[in-house]
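The values are calculated or read from the model by the stated rules, or taken from the named source; none is laboratory data. Not measured: the values here are computed from a predicted model. All Cβ positions, even for glycine, are placed from backbone atoms using ideal geometry, and neighbour counts span all protein chains on display.
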Amino acid sequence: MFKGMGDMFKQAAEMKSKLAEIQDTLATKQIEVSTGGGMVTITANGNNEILHVHIDEELINMQDRAILEDLVAGAVNEVHRKVKELAQEEMSKLTGGIKIPGLFP
């Protein structure tokens, strides 16, 4: 009985180590998303941290706050969606494709 528990703890420790590796890997990956035909570009890493925001000079010169806000919001939402997909893809390598609730949002 105790041997089985020892194996279970060992597997949990291995999974924790692999999870840390995946998070390190995600931190090095970058996702770039553009909206408005490239007028707004957002770059984020796999940890969902925004690394760079580029707003085209033409869009700034338009002086249309509503369009600018919509394009930035759209790009941010899209980059977050793509980062989530990337994280789920990386996690499926660890779990063998099994979705474990709460492991990754």
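Name the single residue that is farthest from the chain's Cα centre (by Cα) among those in region 26-57 being surrounded by 14 or more Cβ atoms within 10 Å (Cβ to Cβ) and either part of a helix (DSSP H, G or I) or of a type in the set (Asp, Glu) (or both). Per the stated criteria, the residue is 56. Considering only residues that are under 16 Å from the mean Cα position of the chain (by Cα) and of a type outside the set (A, V, I, L, M, F, W, C), look in region 88-105 and name the one that is modelled with the lowest pLDDT. Among those residues, the one meeting the criterion is 105. Scanning region 58-87 for residues that are of a type in the set (Lys, Arg), more than 17 Å from residue 38 (Cβ to Cβ) and within 12 Å of the chain's Cα centre (by Cα) yields 81, 84. Selection of region 16-65 for residues being farther than 17 Å from residue 83 by Cα, of a type in the set (A, V, I, L, M), touching a helix residue (DSSP H, G or I) at 6+ places or on another chain (Cβ under 7 Å) and at pLDDT below 95 yields only 59.
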